[in-house]
Amino acid sequence: MSLDPAGTVMARCATLATVSEEPDRLTRRFGTAALRDANAAVAEWMRAAGMTARQDALGNLIGRYEAEQTGAKTLLLGSHLDSVIDAGKYDGPLGVLVALACVQRLHDQGRRLPFAIELLGFADEEGVRYHTTYLGSQVVAGTLAPAALELADADGITLAQAIRAFGGDPGRLAESRRSGDDLLGYCEVHIEQGPVLEARDLPVGVVSAIAGQSRIAVVLTGVAGHAGTVPMDLRRDALCAAAELVLAAEALARDTPGLVATIGQLDARPGASNVIPGQVTLSLDIRHQDDAHRERALAELRQRAERNAGARGIALDWRIVQESCALACDTALTERLARAIAALGYPLLALPSGAGHDGVAIAALTPIAMLFVRCKGGVSHNPAESVDLADVGVAIDVLGRFLLELRTED
Ligand code: GLV
Ligand code: MN
Ligand code: MN
């Protein structure tokens, strides 16, 4: 028995969840064989839906469904196909596959729209390997700084090398920049990754704005030494300084409404139970809907970290790896999504996104709108991520309706 569109999306999310770098959990970082296989699978599904499919010079997957006439404008749809480490099934792939289901429906009906659809499977949104969130969408928007090509991953492989190994061409990234001239906009479907829609008993909602974020690489350098012989008052323990920074970040975020701060990576060297940690490298991720609040918090935290480390004789290196400003979604395009939700009889909720999304980078090119889909318990970046089949069906219907609304108005 063939599956309905939502069932197909769920089955495909489950299939992609097995396309991983690791045997027992889903990890699909940029430039890996797993991402290559995921791109190949989605490209096949795109072709079956009447689209052409190709990879750009970075490794973004681009499917195209032509308009009823040549020379028509283009609407961008999409999301990302990379994942975090030990990821859930839906963060990224859901958006690609819901959009694909809408194109499949048009194809099955033998229907073309007065605009073409380009469906983007971004090669790196999470920034896990190079700490560069929105890598894929920045290439499409033409905003990736060339210096990023020299970034090295944990194994010393530069981004330029990884692009080449993936079959791309770091020298031709500029050619993958999408011109904004013929675009109608960009619309992304994504799981909410938070608990609001569930609490309001709603299957979907529109996104009002996406929080700005800063990611900092911090290195604290003290002196490694013997755990048995160096008295406590003569130690320069880098991990103790790191612990102070972790708790200072938590305290500041708790005291600042709307601020969230996370230390998700921490590496203590040399890493032996009988050696005082001489050096700690850690990541700090800090976000707020208001850029001024985020910038103020960051400056304050840095000051505290310098003061605390200094008091311990620890050197602090603080490097901003990534920053993006808060972004308001486009009012007109969002209004069209809202109308599609209303036309299907669902109440409307607009909510901000604390998670980052490719639309932040694509907004440099064209107006963006986003549709959130309810997820269970607000859980995401976690293998327990879960969405309901029925909600996926609603998302397909809303996006499908949105496409037809654009059809009547553009
Ligand atoms: C991406 O998922 C992010 O917000 O970190
Ligand atoms: Mn995502
Ligand atoms: Mn994510």
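Being within 16 Å of ligand 2 (Cβ to nearest atom), within 20 Å of PHE402 (Cα to Cα) and open to solvent by less than 10 Å² (accessible area, probe 1.4 Å) is the requirement here; does LEU61 meet it?
Spelling it out, it is not the case that LEU61 is within 16 Å of ligand 2 (Cβ to nearest atom), within 20 Å of PHE402 (Cα to Cα) and open to solvent by less than 10 Å² (accessible area, probe 1.4 Å).
Residues in region 306-316: is at least one within 16 Å of ligand 1 (Cβ to nearest atom), of a type in the set (S, T, N, Q) and either in a strand (DSSP E or B) or in contact (Cβ under 8 Å) with a residue 40 or more places away in the chain (or both)? Walk me through how you get there before you give the answer.
Residues of region 306-316 that are within 16 Å of ligand 1 (Cβ to nearest atom), as a first pass: none.
There is no residue in region 306-316 that is within 16 Å of ligand 1 (Cβ to nearest atom), of a type in the set (S, T, N, Q) and either in a strand (DSSP E or B) or in contact (Cβ under 8 Å) with a residue 40 or more places away in the chain (or both).
Hey, among VAL42, VAL9, VAL19, which residue is of a type in the set (Val, Ile, Thr), free of Cβ contacts under 8 Å to residues at least 40 places away in the same chain and surrounded by 16 or more Cβ atoms within 10 Å (Cβ to Cβ)?
VAL19
Looking only at residues in region 119-158 that are surrounded by fewer than 17 Cβ atoms within 10 Å (Cβ to Cβ) and assigned to a strand (DSSP E or B), which one is nearest to ligand 1 (Cβ to nearest atom)?
Ranking the candidates gives ALA152 first.
Among the candidates ALA48, ALA101, ALA38, which residue alone is within 16 Å of ligand 2 (Cβ to nearest atom) and either under 20 Å from LEU337 (Cα atoms) or among the hydrophobic types (A, V, I, L, M, F, W, C) (or both)?
Numbers: ALA48 fails: within 16 Å of ligand 2 (Cβ to nearest atom); ALA101 fails: within 16 Å of ligand 2 (Cβ to nearest atom).
On inspection, the qualifying residue turns out to be ALA38.
Here is a yes/no grid of residues against (1) acidic (Asp, Glu); (2) open to solvent by less than 50 Å² (accessible area, probe 1.4 Å); (3) within 16 Å of ligand 1 (Cβ to nearest atom); (4) closer than 24 Å to THR132 by Cβ:
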site: GLY185; (1), (2), (3), (4): no, yes, no, no
site: GLU188; (1), (2), (3), (4): yes, yes, yes, yes
site: GLN193; (1), (2), (3), (4): no, yes, yes, yes
site: ASP201; (1), (2), (3), (4): yes, no, no, no
site: GLY205; (1), (2), (3), (4): no, yes, no, no
site: GLN213; (1), (2), (3), (4): no, yes, yes, yes
site: ARG235; (1), (2), (3), (4): no, no, no, no
site: ARG254; (1), (2), (3), (4): no, no, no, no
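Sort through LEU344, LEU371, LEU399, LEU348 and tell me the only one that's touching a strand residue (DSSP E or B) at 6+ places or on another chain (Cβ under 8 Å) and surrounded by fewer than 17 Cβ atoms within 10 Å (Cβ to Cβ).
None of the other options fit; the residue is LEU348.
Within region 320-335, can one find any residue that is open to solvent by less than 50 Å² (accessible area, probe 1.4 Å) and over 27 Å from ARG296 (Cα atoms)?
yes
Is it the case, given these coordinates, that GLY356 is within 16 Å of ligand 2 (Cβ to nearest atom), over 30 Å from ARG235 (Cβ atoms) and part of a loop (DSSP other than H, G, I, E, B)? Spell out the reasoning first.
Details: within 16 Å of ligand 2 (Cβ to nearest atom): yes; over 30 Å from ARG235 (Cβ atoms): yes; part of a loop (DSSP other than H, G, I, E, B): yes.
Considered against the rule, which asks whether it is within 16 Å of ligand 2 (Cβ to nearest atom), over 30 Å from ARG235 (Cβ atoms) and part of a loop (DSSP other than H, G, I, E, B), GLY356 comes out as yes.
Tell me, which residue of region 328-353 that is in a helix (DSSP H, G or I) and among the charged types (D, E, K, R) is farthest from ligand 3 (Cβ to nearest atom)?
Result: ARG339.
Going by what's in this entry, would LEU371 be described as in contact with a helix residue (DSSP H, G or I) (Cβ under 9 Å, 6 or more places away or on another chain) and not in a loop (DSSP other than H, G, I, E, B)?
Numbers: in contact with a helix residue (DSSP H, G or I) (Cβ under 9 Å, 6 or more places away or on another chain): yes; not in a loop (DSSP other than H, G, I, E, B): yes.
So LEU371 passes the test.
Does VAL392 satisfy the condition of being within 16 Å of ligand 3 (Cβ to nearest atom) and either open to solvent by less than 60 Å² (accessible area, probe 1.4 Å) or modelled with pLDDT under 95 (or both)?
For VAL392, the condition - within 16 Å of ligand 3 (Cβ to nearest atom) and either open to solvent by less than 60 Å² (accessible area, probe 1.4 Å) or modelled with pLDDT under 95 (or both) - is not met.
Would you confirm whether or not region 79-98 contains a residue that is among the small types (Gly, Ala, Ser), closer than 24 Å to ALA174 by Cβ and in a loop (DSSP other than H, G, I, E, B)?
Scanning region 79-98 turns up no residue that is among the small types (Gly, Ala, Ser), closer than 24 Å to ALA174 by Cβ and in a loop (DSSP other than H, G, I, E, B).
Does GLY92 satisfy being over 11 Å from the mean Cα position of the chain (by Cα) and either within 12 Å of ligand 1 (Cβ to nearest atom) or open to solvent by 10 Å² or more (accessible area, probe 1.4 Å) (or both)? Don't jump to the end; show me each part of the working.
Working: over 11 Å from the mean Cα position of the chain (by Cα): no; either within 12 Å of ligand 1 (Cβ to nearest atom) or open to solvent by 10 Å² or more (accessible area, probe 1.4 Å) (or both): yes.
Here the answer is no, as GLY92 does not meet what is asked.
Got at least one residue in region 374-388 being within 26 Å of SER179 (Cα to Cα) and either within 16 Å of ligand 2 (Cβ to nearest atom) or of a type in the set (Lys, Arg) (or both)?
no
The values are calculated or read from the model by the stated rules, or taken from the named source; none is laboratory data. Being a predicted model, the structure only gives us computed values, none of them experimental. Ideal geometry is used to build each Cβ from the backbone, glycine not excepted, and the neighbour counts take in all protein chains shown. Areas reflect the complete protein model, heavy atoms only, side chains present, ligands, DNA and RNA absent. Shrake-Rupley method; radii C 1.70, N 1.55, O 1.52, S 1.80 Å.
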